Amino acid sequence: MPTPPAYSSAQQARRDLGARLGEIRRESGLTGRALAVRCGWHESKVSRIENGKTAPSPDDLRVWAEHCGAADQTADLIASLEAVEGMFVDWRRMEKTGLKRAQQSVLPLWERTRRFRTYSPWIIPGAVQTPSYTRAVLRSFMHRRNLPDDIEDAVKVRTDRLRLLHEGDHTFAVLIEESVLRNVIGDPDVMAGQLGHLLTVGELPSVSLGIVPMGIVRNSIWPVEDFWIFDDQVVNVELISGFLTITQPREIAMYADAFSKLRELAVVGAPARRLITAAIDALE
């Protein structure tokens, strides 16, 4: 089952940056100790950076490149560092000014994506949420993480994003566990409206909706973390602690394989609608 550690991509990217810095140092003819002396560092710092155990700062990269005669690579090294730091973002960092900013941050990725694949074992995915359901989800986040109250602005950003369901050649493949239909978010009225919306949105040409039933044999794959695949370029994973962005082809392929295995277990069409209808009936 493809469940790499939450930080695996970020750690690998940090190691890759460290390896690149090691190559630059060796090409300059400097030992690690000699570079540390020139930079005014403890001699172990060079080794920790090159092995990916310590993240360098932009200033570290500037002096490293300067003393290795590679000042022309400074801008590229700093850009690589920024990419590494952006791979895993703590929710507190992403949402420190409120939830609106977090919703806006993914807009460019949504705008350029044509094929969306999403799986959730927890809640209805954002692409097929009603505003009331979104409001309830975001309000829960706000209280749990002690965030500023900009819920209405955040709901508007997410709702506006859903125009992509009806525009251009975008396609959305949505997979959820049946248990998601039974998790009452907001209140029974909000949940009934959301489940009714699933029946409607599942009929759109741009949307395919699959539900993995409870009680089936799960030897091939069991529930995994909530994730989105954007084309075959990026995977976003929502974790309790933060937001992980995966860009390594090997790991993207692992999530694509997981999605395929989950889709094989899912029911679609009339059987999926029956599960949704049963969940609506259970609210009464």
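The numbers here are math on the coordinates, done by the rules we state, and not lab data. In this text the structure is predicted, and so the values were computed from the model without any measurement. Note that each Cβ is placed from the backbone with ideal geometry, even for glycine, and that neighbours are counted across all protein chains shown.
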- Item | Cα-based helix-to-principal-axis angle, 151-161 vs the chain, degrees rounded to 10 | 90 degrees
- Message: Using DSSP to call loops (not H, G, I, E or B), can you name the GluC sites (Glu not before Pro) in segment 134-234 whose Cβ has at most 15 other Cβ atoms within 10 angstrom?
- Response: E167, E203
- Task: Binning at 5 Å from 0, report for the chain what percent of all alpha-carbon pair distances ends up in each bin.
- Result: 1, 5, 11, 13, 14, 14, 12, 8, 6, 5, 4, 3, 2, 1, 0, 0
- per DSSP, antiparallel bridges as share of beta bridges in segment 175-284, % nearest 5, sits at 75 percent
- Which Cα, out of A154, L204, G215, lies furthest along the positive dipole direction of segment 89-283 (beta carbon charges, K/R +1, D/E -1)? A154
- Would you work out the charge dipole size for segment 171-284 about its Cα centre, treating the Cβ of every Lys and Arg as +1 and the Cβ of every Asp and Glu as -1, and quote it to the nearest 20 debye? 320 debye
- Determine which aspartates and glutamates satisfy two conditions relative to K96: a Cα distance under 18 Å, and not lying fewer than 8 residues away in the same chain. E85, D149, D150, E152, D153, E238
- Residues C68, C39, sorted so that the one with the fewest Cβ neighbours within 10 Å comes first: C39, C68
- With charges set only on the Cβ (+1 for Lys and Arg, -1 for Asp and Glu), what does the dipole of the chain come to about its Cα centre, in debye to the nearest 20? 480 debye
- Excluding same-chain residues fewer than 8 positions from K53, which aspartates and glutamates have a Cα within less than 13 Å of its Cα? D16
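Using only Cα atoms, what Kirkwood radius does segment 8-85 have, in angstroms?
Hydrodynamic radius (Kirkwood, Cα pairs) of segment 8-85 is 12.1 Å.
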